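Read-outs throughout are calculated quantities, based only on the coordinates presented, and are distinct from any laboratory measurement. Remember, it's a predicted structure, so these values are computed and weren't measured experimentally. All Cβ positions, even for glycine, are placed from backbone atoms using ideal geometry, and neighbour counts span all protein chains on display.
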Amino acid sequence: MIKKVAILANGGDVAGLNPVIRAIKNTAENNGIECYGFIDGYKGLAENHFIRLDGNPISSGLIDKGGCIIGSSLNTIVFKYKIRGEDGREIYKDVSDQCIENVKKDGFDCVFTLGGDSTQKSARDLFVKGMNVIGVPKTIDNDVACTDITFGYNTAVSVATEAIDRLHTTAETHHRIMVLEVMGRYAGWIALESAIAGGADAALIPEIPYDINKVSAKINQRIQNGKAFSVVVVAEGAMPLNGEASTYDTGVGTGIAKNFAGAGNKVAKELQELTGLQARCTTLGYMQRGGSPSAYDRVVSTKYGAKAMELALEGKFGVLTVIQNGRLDSVPLEDVVGNNKKLGAIEGGTEESNVRLVTLDHELVKTARDVGICLGD
């Protein structure tokens, strides 16, 4: 019999976190179950820092509220948790057993993990070690395995599409190439879908290494047709043919090996040289994450949160709530992590991870090609 549950959000913030929390909390309340939230994700779990959500004024008015009322931790891995040693130096320690002990001591019957690939990898590992968890797929990149869509993605695409609309007017007025760099380290869903929605002329995504000469040929053809301007969307993880993505090291112990930056500027510089048109790059960055969720994300977040609580009531743990073929369902976290099954692996997004990528036969790729969007291949 479920009596108490807790929620944690981990990884980058997205629009829709608060509606998910609201849906879990409301469904819990309606079934006489206490609901709590760990502060700042896995950090709160490790340090046993939580607040009660049901009956708390902080939990009111969440459906349209951006951000996350319980915070979210970045690069926090409980299997490699940064602490201060006796000599004052920073060291890394496996505190997963302490996390499990905290949950047992607090009397939580289930912990809901709101996050992407890395978050659900840790959730799966904690489940293997004995903690009841249910995951909810969160990421603007839309790259969590086994689900058709993640919450936060639709809002990000909407923001990117509005940016393309605005860049179009500047591109046409000043006869320029306007490059928009959007998020998408390994998956190009945002770039591809916003390019279609915004009527871009090219979209460069991580899954399709691009030939910059193919892109410049597309733009030069537009110039010959009397259209001396173009809009190009570039995912941050896009890479040239026989080249590498634009990255920089983040330092030791962050849990992430590298950050992506500079892809848009690189493309803009090369296109200016190849076409003779001035090219400018706009990096949308964190604008894609923040602010109020779209109507779609409010609905899908609510569906995910309510479904997650339903699964807890049914005693189905170690699973991820998903939407497949338009229907709510759940899949084992074992399927979500793919072959990345080593306990305590510090991050997802590895070659062994079951990350959802854009495939060449996907309908969005075919649609883009049909309407004349250059994908650089």
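This model, with +1 at the C-beta of Lys and Arg and -1 at the C-beta of Asp and Glu, gives the chain a dipole about its Cα centre of some 420 debye.
With respect to the chain, whose longest principal axis is taken over its alpha-carbon atoms, helix 17-30 is tilted by about 30°. Considering only Ile219, Ile58, Ile21, the Gaussian network model of the chain with Cα springs below 10 Å gives its largest mean-square fluctuation to Ile58.
Counting neighbouring Cβ atoms within 10 Å and putting the fewest first, the residues Asp143, Asp97, Asp54 line up as Asp97, Asp54, Asp143. Relative contact order of the chain, taken over Cα pairs closer than 8 Å and 6 or more residues apart, is 22 percent. Using the rule -39500 (n - 2.57) for each DSSP H run of four or more residues, divided by the residues of the chain, the 222 nm mean residue ellipticity is -11000 deg cm²/dmol. From the coordinates of this entry, Rg and Dmax of the Cα atoms in Å is computed, and it appears in [x] 21.8, 71; [y] 19.5, 57; [z] 24.8, 80 under the label [x]. Local charge sum around Lys104 (other residues, Cβ-Cβ under 12 Å, Lys/Arg +1, Asp/Glu -1)? Neighbourhood net charge equals -1. Fewest-first ordering of Asp201, Asp64 by other beta carbons within 10 Å of each residue's beta carbon gives Asp64, Asp201. DSSP bridge analysis restricted to the chain gives an antiparallel fraction near 35%, rounded to the nearest 5. By DSSP, the beta bridges lying fully in region 38-148 are antiparallel in about 55 percent of cases. Placing a label point 7 Å from the Cα of Thr359 along the Cα-to-Cβ direction, the residues of region 139-154 whose backbone N falls under 19 Å from that point are 142-150.
Among residues other than Lys93 whose Cβ falls under 15 Å from its Cβ, what is the net charge (Lys/Arg +1, Asp/Glu -1)? Net charge in that neighbourhood comes out at -2. With the charge dipole of the chain set up from +1 on Lys and Arg Cβ and -1 on Asp and Glu Cβ about the Cα centre, the Cα lying farthest toward the positive end among the listed residues Gly318, Cys68, Ala187 is that of Cys68.
Here the dipole of region 1-159 is about 200 debye; that uses its Cα centre as origin and unit charges on the Cβ of Lys and Arg (positive) and Asp and Glu (negative).
For Glu172, the shell of other residues with beta-carbons less than 15 Å away shows a net charge of +3, using +1 for Lys and Arg and -1 for Asp and Glu. Ordering Gly305, Leu328, Thr150 by the projection of their Cα atoms onto the charge dipole of the chain, which places +1 on the Cβ of Lys and Arg and -1 on the Cβ of Asp and Glu, puts Gly305 at the extreme positive end.
Between exposed GluC sites (Glu not before Pro) in the chain, where DSSP calls loop and at most 16 other Cβ atoms lie within 10 Å, what's the longest gap? It runs 87-243. Cβ crowding within 10 Å, taken as a proxy for footprinting-reagent exposure, orders Tyr92, Tyr36 from fewest neighbours to most as Tyr92, Tyr36.
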